[in-house]
Amino acid sequence: MGGLTWKIRKIGDGVTHVALSGVITEAARLDQISNLAGNVIVDFAEVTQINSLGVRVLLGWLDALEGRAKLEAERCSPVIVMQLNMLPGLARRFSVRSFLAPMECETCSEDRETLVELEPGSRDVQIPVTRCNTCGEPMTLAEPEDRYLAFLTDE
Ligand SMILES: [Zn+2]
């Protein structure tokens, strides 16, 4: 397993964008970026794996930021969505703006992820129609919908 890297950039007045990339394990040095403040948007799109010790590291980082930063998560990758579903405590630490849904074509073996944006304060989720690149048919969510979207109703 590789490590975790990040890119931090200011995207506006008091808004910091943190793009995490790689795998989150006990070796992830998120403590190095626990001094962020203001509005912090964490982009999880490139997080490909997280183990149970990594979850603890992630929670510790979010705890360190709590109080100094207002946290939002965007483009949560499927492994992060799984953690959000298993750990309501994680979902409570930030508001989720968008996530990636694993889609599959029932005819072909094609699969890819599609971005799902969430309306602030709304629990209505619309997974955008995603067409298969091979046959053009609408793709379906590769996970049971009630399970994959459970974190949205657990608040
Ligand atoms: Zn297809």
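How high is the FRET efficiency from GLU46 to CYS108, r the C-beta distance, R0 22 Å, rounded to 0.05?
Plugging the Cβ-Cβ distance into 1/(1 + (r/R0)^6) gives 0.30.
Among SER77, GLN126, PRO144, whose Cα projects farthest towards the positive end of the dipole of region 4-152, with charges put on the beta-carbon of Lys, Arg (+1) and Asp, Glu (-1)?
Result: SER77, furthest along the dipole toward the positive end.
In vacuum, with every alpha carbon of region 1-121 counted as one equal point scatterer, what does the Debye formula give for log10 I(q)/I(0) at q = 0.10, 0.11, 0.15 Å⁻¹? Two decimals, please.
Values, matching the q order: -0.30, -0.36, -0.67.
If you keep only loop residues by DSSP, which trypsin sites (Lys or Arg not before Pro) in region 59-154 have at most 14 other Cβ atoms within 10 Å of their Cβ?
Filter output for region 59-154: ARG68, ARG92, ARG123.
Using alpha carbons only, how many degrees (0 to 90, rounded to 10) separate the axis of helix 52-65 from the longest principal axis of the chain?
Tilt of helix 52-65: around 50 degrees.
With θ set to phi - 60° and the Karplus curve 6.51 cos²θ - 1.76 cosθ + 1.60, what are the ³J(HN,Hα) couplings of region 103-113 in order, to the nearest whole Hz, using x for Gly and Pro?
Here the 3J(HN,Hα) series is 10, 9, 9, 6, 8, 9, 9, 4, 9, 7, 9 Hz.
For region 56-155, what value does the Rg/Rh ratio take when both radii are computed over Cα atoms and Rh is the Kirkwood radius, given to two decimals?
Result: Rg/Rh = 1.03.
Can you pull the one-decimal nm distance between simple spin-label points at THR134 and VAL15, each 7 Å off the Cα toward Cβ?
Simple spin-label model gives 3.9 nm for this pair.
Please list the non-local residues whose amide H lies under 5 Å from the amide H of MET139, H modeled 1.01 Å from N, same-chain partners needing a gap of 5 or more.
For MET139, whose amide H was placed from the backbone, the distant partners under 5 Å are THR130, ARG131, CYS132.
Could you compute the FRET efficiency for ARG92 and ARG56, with r as their C-beta to C-beta distance and R0 at 25 Å, rounded to 0.05?
Taking R0 as 25 Å, the efficiency between ARG92 and ARG56 is 0.95.
A short reminder: the numbers here are calculations on the coordinates, not readings from a lab. The structure presented is a predicted model; accordingly, all values stated were derived computationally and were not measured. Here the Cβ is made from the backbone with ideal geometry for all residues, glycine too, and neighbour counts use every protein chain on show.
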